[in-house]
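Read through the structure below, which is laid out as structure tokens, and then see the notes.
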Amino acid sequence: MIGPFEANGSAHTTKKVSVVFVLGGPGSGKGTQCANIVEHFGYTHLSAGDLLRAEIKSGSENGTMIQNMIKEGKIVPSEVTIKLLQRAIEENGNDKFLIDGFPRNEENRAAFEAVTGIEPEFVLFFDCSEEEMERRLLCRNQGREDDNIETIRKRFKVYMESSLPVIEYYNAKGKVKKIDAARPVGEVFEAVKAVFTPPSDKVKAASWSFKWND
Ligand code: UDP
Ligand code: MG
């Protein structure tokens, strides 16, 4: 029987890496907060959406198909996205990665695990109301073809129907760190920092403030 490894043409990623999935609806602040995490905690940020957009620009044979799917708010076939992520991981010297905006459905999740053998350390989940996300998407002006009200509504629908179940899956495994993302960027990052700061450093920080107040 041909398994996913043979079909993929490459064995498991041999590199030992630590991965955090960064999930949340469109406009929940994943990209913004990932930039902060990179700066403070030395991760490499891989945005699945950015990798797909770069693939369109590169003039790849899949470009038109990817562009059409993004315009419709649909999820690009796992095989395409996983290849891009796998390549980015292998080409990078770092061993700590934030994977932002992926996996977006159950099939993405299972295929990534089967192909790469990677299980996330945890899932950082940015929880935000649809009203606030919509406001942010319509305000940000990044020239994205999918930041119009028609596509935004489709993206919300796909998020609710396909992506939330992935978060539920990891939640059932106790792997989800949920952040209230409907606040200003700085406040959200304070909550994010607490997730990435090792417990020993938190004790140190607490005893410092204790001495200070003493
Ligand atoms: N996309 C996809 N698979 C992924 C990530 C993104 O198919 O793993 C497509 C999908 O069409 C999505 C679009 O790329 O709506 C934009 O994704 P991105 O994560 O950049 O947008 P965000 O949700 O952060 O606004
Ligand atoms: Mg993004």
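Rule-based calculations on the coordinates, nothing more; no lab input. Model, not experiment: these values are computed from the prediction. As a convention, Cβ positions derive from the backbone with ideal geometry for all residues, glycine included, and neighbour counts pool all protein chains shown.
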For the stretch 167-175, in residue order, the Karplus 3J(HN,Hα) values (coefficients 6.51, -1.76, 1.60; θ = phi - 60°; whole Hz; Gly and Pro = x) are 5, 4, 4, 6, 4, 5, 8, x, 9
Relative contact order [Cα under 8 Å, 6+ residues apart], the chain, whole percent: 31
Estimated FRET transfer efficiency when R0 is 41 angstrom, pair D201-E61 (beta carbons, to 0.05): 0.30
Contour excess over end-to-end distance, with Cα ends at D180 and K193 and 0.36 nm allotted per residue: 3.4 nm
Taking a straight Cα-to-Cα line shorter than 18 Å from K154, and setting aside same-chain lysines fewer than 8 residues away, one finds K71, K74
Hey, fewest Cβ within 10 Å first, where do L46, L164 land in order? L164, L46
Segments 167-174, 66-73 sorted - mean Cβ within 10 Å per residue, highest first: 66-73, 167-174
Computed [θ] at 222 nm, helices only, for the chain once each DSSP H run of length n ≥ 4 contributes -39500 (n - 2.57): -16500 deg cm²/dmol
For helix 199-213, report the angle its Cα long axis makes with the longest principal axis of the Cα atoms of the chain; keep it between 0 and 90° and round to the nearest 10°. 30
Helix 185-196 sits at what angle to the longest principal axis of the chain, using alpha carbons and giving 0 to 90 degrees rounded to 10? 90
Scan around D100 for amide H atoms under 5 Å from its own, H built in the peptide plane at 1.01 Å from N, and keep only partners 5 or more places away or cross-chain. V22, L46, S47, A48
Specify whether the C-alpha gyration tensor of the stretch 24-179 places it in the rounded, prolate or oblate class, a ≥ b ≥ c being the square roots of the eigenvalues: rounded for a/c under 1.5, otherwise prolate if a/b is larger than b/c and oblate if not. rounded
Go ahead and collect, in residue order, the members of the stretch 23-52 whose backbone nitrogen is under 17 Å from a label point 7 Å along the Cα-Cβ direction of N94. 23, 30-52
